[in-house]
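Each remark here refers to the structure printed beneath this line.
The values are calculated or read from the model by the stated rules, or taken from the named source; none is laboratory data. Only a predicted model underlies this, so the values are computations on that prediction, with no experimental measurement involved. Methodologically, a virtual Cβ is constructed for each residue, glycine included, from the backbone with ideal geometry; neighbour enumeration extends over all protein chains shown. Note: accessible area is taken over every heavy atom of the protein model, side chains too, but ligands, DNA and RNA are not part of it. Shrake-Rupley method; radii C 1.70, N 1.55, O 1.52, S 1.80 Å.
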Amino acid sequence: MHDICLNMPPMVQNFDPEDLFSRRCIWVNGPVIVGAGPSGLAVAAGLKDQGVPFIILERANCIASLWQNRTYDRLKLHLPKQFCQLPNFPFPEDFPEYPTKFQFISYLESYANHFNIAPQFNETVQSAKYDETFGLWRVKTISRRKGPSSAAQCEVEYICRWLVVATGENSEKVVPEFEGLGEFGGRVMHACEYKSGEGFSGQKVLVVGCGNSGMEVSLDLCNHNAKPSMVVRSSVHVLPREVFGKSTFEVAVMLMKRLPLWMVDKILLILARLILGNVEKYGLKRPCVGPLEFKHTAGKTPVLDIGALEKIRSGKIKVVPGITRFLPGKVELVDGQVLQIDSVVLATGYHSNVPSWLKENEFFSNDGTPRNPFPNGWKGKGGLYAVGFTRRGLSGASLDAINVAHDIAKSWKEETKQKRKTVAARHRRCISHF
């Protein structure tokens, strides 16, 4: 990485004069990776192994900011650790089968240290645009640097051949609009701000959303003597976390090696019915298609039950239908019920922020995910790559990271070899003149 004015090839020094004087321009002799979560770290480790230089830009002040700053304390990995480890670095043997949030963060920090990965923190990408004239990416950022008295802002433009988008599917919270929410008067927070049910003891809490986060937040509230009501607006698959002592995910993976997806779905639903019973009578309506097909087509992950269903059966977690509107201290539901509530937790999910900064609409769709489905959604045109958008969790991100690192390394080595040949040829011509 070098200041562009000193080290850039002459052909790419023709910048807009305004940009040249308002921003520091830096040439990166390798890819720029946007995002220092598990996906970005996995790509960086693969590049390190192959001797390819890179930089990682991260808007937060730490790696894996989603895990560190926007998850609740009781969170554990939903899948066994062997399905969640990043390339070339297994979990410690003494970690449990389902590591806690804090153990996973520790693992990621060890991963970064092991591969000597040092992201540039507090640096937010404002825009990334492909310059077709020169075949280069122009990545504009704004960073917060601590000055003598307060944080100072610095604008930088990075110029590179390859751009890796590793910001993932969950970079921004989704906050639906509800009539009257502004007049509700009680505490309202998104699940990314929720840490523990300790401060909710004795309160009536409305949890909006019935995915894994909604279920776990409701369970945590229940365990802290709160009275949660969980809003179930749409259909949801609830599966046991384990089947006959094995992870349900592991069973599904094993079955899919031998059977078609529709048949695996049938088997999973039969097992779920045997172990969990009929969940529809508690207000948890199943989708028309099976859990794996639903995940692949709609991107909605099945809920893996870790105790919430027992609380629903006992009535300690109340399942309620959709919301019509909020009133001061109350909520009106679509079936006409009016509930007295003290607080609201919005477990309404996340979305990609890629469209807000990446000036490209061929590889990525309007929702900020690659147009091509897994396993073909990792490579675009002009040196553009994506990691962490597979809808297949950490294992999917790892597979994409391996492909991306290998592909970039191959191109980088070919270009480096060609440059050396060019320099050698020029050197020989210079010698021949003497």
Under 5 Å, built H, 5+ apart or other chain: amide partners of Leu384: Leu163
How big is the gap, in Å, between the Cα center of the stretch 214-229 and the Cα center of the stretch 254-286? 26 Å
Taking placed amide H atoms and a strict 5 Å upper bound, the residues 5 or more places from Lys330 or on another chain that come that close are Ile341
Within the chain, which is the longest segment containing none of the GluC sites (Glu not before Pro) that sit in a DSSP loop and have at most 14 other Cβ atoms within 10 Å? 180-361
Amide H contacts under 5 Å for Val319, placed H, 5+ residues apart: Met230
Among Leu271, Phe121, Thr369, whose Cα sits farthest toward the positive end of the charge dipole of the chain (+1 at Cβ of Lys/Arg, -1 at Cβ of Asp/Glu, about the Cα centre)? Leu271
At a Cα cut-off below 12 Å, give the aspartates and glutamates reachable from Lys140, other chains included and same-chain residues fewer than 8 away excluded. Asp19, Glu123, Glu155, Glu157
Simple SL model, points at 7 angstrom along Cα→Cβ for Val289 and Ala118; separation in nm is 4.7 nm
How much of the pair distance distribution for the stretch 240-298 lies past 17 Å, counting alpha-carbon pairs only, in percent? 38 percent
Give me the 1.4 Å probe accessible area per residue for the stretch 240-298, excluding ligands and nucleic acids, in Å². 61 Å²
Percent relative contact order for the stretch 177-312, counting Cα pairs under 8 Å at least six residues apart, stands at 26 percent
Does anyone have the angle between helix 38-49 and the longest principal axis of the chain? Alpha-carbon axes, 0 to 90°, nearest 10? 30 degrees
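Can you give the net charge of the other residues whose Cβ lies under 14 Å from the Cβ of Val331, counting K and R as +1 and D and E as -1? Working shown, then result.
On the way: positive: Arg187, Lys204, Lys227, Arg233, Lys318, Arg325, Lys330; negative: Glu179, Glu183, Glu332, Asp335, Asp342.
So the surrounding residues net to +2.
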Which of the lysines could a cross-linker span from Lys173 if the Cα-Cα distance has to be under 17 Å and same-chain partners fewer than 8 positions apart are dropped? Lys195, Lys300
Could you compute the net charge surrounding His190? Neighbours are other residues with a C-beta less than 11 Å from the C-beta of His190; K and R count +1, D and E count -1. 0
What is the magnitude of the charge dipole of the chain about its Cα centre, with +1 placed on the Cβ of each Lys and Arg, -1 on the Cβ of each Asp and Glu, and no other charges, expressed in debye to the nearest 20? 800 debye
Cβ-based net charge around Ala112, under 13 Å, with every Lys or Arg adding one and every Asp or Glu removing one: -1
What does the helix-only formula give at 222 nm for the chain: each DSSP H stretch with n ≥ 4 adding -39500 (n - 2.57), the total divided by the residues, and the result rounded to the nearest 500 deg cm²/dmol? -9500 deg cm²/dmol
Answer with one residue from Gly383, Gly349, Leu221: the one whose Cα lies farthest towards the positive end of the charge dipole of the chain, charges on Cβ with Lys, Arg +1 and Asp, Glu -1. Gly383
When the chain is fully extended, how far beyond the present Cα-Cα distance does Asp94 get from Asn361, taking 0.36 nm per residue of separation? 91.6 nm
What are the trypsin sites (Lys or Arg not before Pro) within the stretch 289-390 that DSSP puts in a loop, where the Cβ has at most 15 other Cβ atoms within 10 Å? Lys359, Arg371, Lys381
In the chain, what percentage of the DSSP-assigned beta bridges are antiparallel, given to the nearest 5? 50 percent
Along the charge dipole of the chain, which of Asn61, Cys210, Leu304 sits closest to the positive end, that is, farthest toward it, with unit charges on the beta carbon of Lys, Arg, Asp and Glu (+1, +1, -1, -1)? Leu304
In whole percent, and with a 1.4 Å probe on the protein chains, what portion of the accessible area of the stretch 21-98 is carbon and sulfur? 50 percent
Taking only pairs that are 8 or more places apart or on different chains, how many Lys pairs in the stretch 240-298 have Cα atoms under 22 angstrom apart? 9
How high is the relative contact order of the chain, given as a whole-number percent (alpha carbon pairs under 8 Å, six or more residues apart)? 20 percent
Over all directions, the average projected area of the alpha-carbon convex hull for the chain comes to how many nm²? 26.8 nm²
Got the relative contact order for the stretch 267-390 handy, in percent, Cα pairs under 8 Å and 6 or more residues apart? 10 percent
Total charge dipole magnitude, the stretch 240-298, about the Cα centre, Cβ charges on Lys, Arg, Asp, Glu only, Debye to nearest 20: 60 debye
Spatially proximal aspartates and glutamates relative to Lys379 (Cα-Cα < 14 Å; intrachain offsets below 8 disregarded): Glu360, Glu362, Asp400, Asp407
